[in-house]
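The values are calculated or read from the model by the stated rules, or taken from the named source; none is laboratory data. Since the structure is predicted, the reported quantities are computational estimates derived from the model, not experimental observations. Every residue, glycine among them, receives a Cβ derived from its backbone with ideal geometry; neighbour counts consider all protein chains shown. Just the protein is used for accessible areas: all its heavy atoms, side chains included, with ligands, DNA and RNA removed. Shrake-Rupley method; radii C 1.70, N 1.55, O 1.52, S 1.80 Å.
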Amino acid sequence: MGWFKSEALSLPAEHFVVNIMPKPVTSERLAAAKTKVLGFRFDILVSLFLLVAVGTPQVLFLIHPQSGVYATVAGLVAMSILAMKVRRARKVAIAASILPVAMMVSLSLPQSIPFGQAIVFYDAMLLLGLVYRFMFTLEEPVEDTRLGIKGYLFGLPLLLVLGQVMGAAGFGLLHNQYPFEGVSWALVAASMFVFAFAEETVFRGLIQQRARYIMHPIFAAVLTSGLYALMSVGMGNWLSMVYALIAGSLLSTVYYFKKNLLLTVTMNVTSKLLYLGLLATFIYR
Amino acid sequence: MFFGLPVESHSSLQHLVLILNTVVLIGLLVAVELVYSEKPEKKRRQLRYFYPLVIVLAGLLFYAVYTQMGGEV
């Protein structure tokens, strides 16, 4: 672990902020994405592989939870093999494998209430996400975000509004699917910051950011939105999946244009808080 | 994914996950050794990307042993 001591302690503080700008995707990388493997384009093959590895357990959880567990582990094994054998896809495969590992951690630590279960899941996802964001920036030169003060002054209010629109849409679709009844509203609201930060760190900050190095950035945004939506399939409610697809697409689009996690976290948190606020005002008053 | 958690855990799933986790951890360590053992030192730089996964899976293994010794599982 000598690399950790020598490299980690010498890094400047910019490596730890949420708005690190990934280096530009070169035309050589995009050309490499179109190379054929087994008759399919490399980027399409990797995307399908990840979608199946993440989505299959979610579908099986609906039918037979124990089969879902086997599929989760099989998905983790498959993504680990992809990471070991295909160097180009290594980082995006490892980033995506955070999802089944977080699921395994959550299933290993049963909690008495769904809120506790969600806390365990998101905490595992957040910790692994932060560790990998740190590790993946060790080898590559990074630059700070190109957003200046003006960019934030324009972008943050805009995304606050977009987040509220998203939250209202979520309330419209999911006002009967609130999973944390009986838990203090203040506690749930506070945890929304953790949940949103965890989701953005892993989906946009890791998966989408790494995927754009082996596929076209638009394709990476589509892949990330698909993974984000697939994680809702297991909830057994098609409305959750529809909402997750819409929200994930919006968030991935914002990240595609701005490459700034602070903006996507703002939008995600705002949508969740507005959803909670509307529930508390109109449903659970 | 909105508060996404597809299934609540209970003891039978917990047993199953902890057993499979042990198998996966052993398999991952063997596979990493097989894949990286023939590579020269300077080409092993990306081996470290597997460390956090191994640490988490090893932690779950220790938790399984702990609960087994405590008679909870």
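The single condition from (1) part of a loop (DSSP other than H, G, I, E, B); (2) crowded, with 24+ Cβ neighbours inside 10 Å that A:Y213 fails is (2). Assess whether A:L223 counts as being within 21 Å of A:T72 (Cβ to Cβ) and within 12 Å of the chain's Cα centre (by Cα). Yes; evaluated as a whole, the condition is true for this residue. Here A:R146, A:R133 are screened, and the one residue that is in a helix (DSSP H, G or I), over 22 Å from A:L60 (Cβ atoms) and either among the charged types (D, E, K, R) or at the interface with chain B (Cβ under 10 Å from one of its Cβ atoms) (or both) is A:R133. Tell me whether segment B:33-46 contains one or more residues that are assigned to a helix (DSSP H, G or I) and modelled with pLDDT of 90 or more. No: zero hits.
Is it true that A:Q177 is surrounded by 15 or more Cβ atoms within 10 Å (Cβ to Cβ), modelled with pLDDT under 90 and of a type in the set (S, T, N, Q)? Talk me through it step by step, then tell me what you get.
On the way: surrounded by 15 or more Cβ atoms within 10 Å (Cβ to Cβ): yes; modelled with pLDDT under 90: yes; of a type in the set (S, T, N, Q): yes.
Yes: the conditions hold for A:Q177.
Checking each residue in segment B:30-73 for being at the interface with chain A (Cβ under 10 Å from one of its Cβ atoms) and of a type in the set (S, T, N, Q) picks out B:Q46, B:T67. Among the conditions (1) closer than 22 Å to A:M215 by Cβ; (2) facing chain B (nearest Cβ under 9 Å); (3) not in a helix (DSSP H, G or I), the only one that A:I98 does not satisfy is (3). I need a count of the residues in segment A:101-128 that are touching a residue at least 60 places away in the same chain (Cβ under 8 Å) and more than 7 Å from chain B (Cβ to nearest Cβ). Within segment A:101-128, residues that are touching a residue at least 60 places away in the same chain (Cβ under 8 Å) and more than 7 Å from chain B (Cβ to nearest Cβ) number 7.
In the set A:L276, A:L251, A:L227, which member is open to solvent by less than 60 Å² (accessible area, probe 1.4 Å), closer than 22 Å to A:G155 by Cβ and in a helix (DSSP H, G or I)?
On the way: A:L276 fails: closer than 22 Å to A:G155 by Cβ; A:L227 fails: closer than 22 Å to A:G155 by Cβ.
None of the other options fit; the residue is A:L251.
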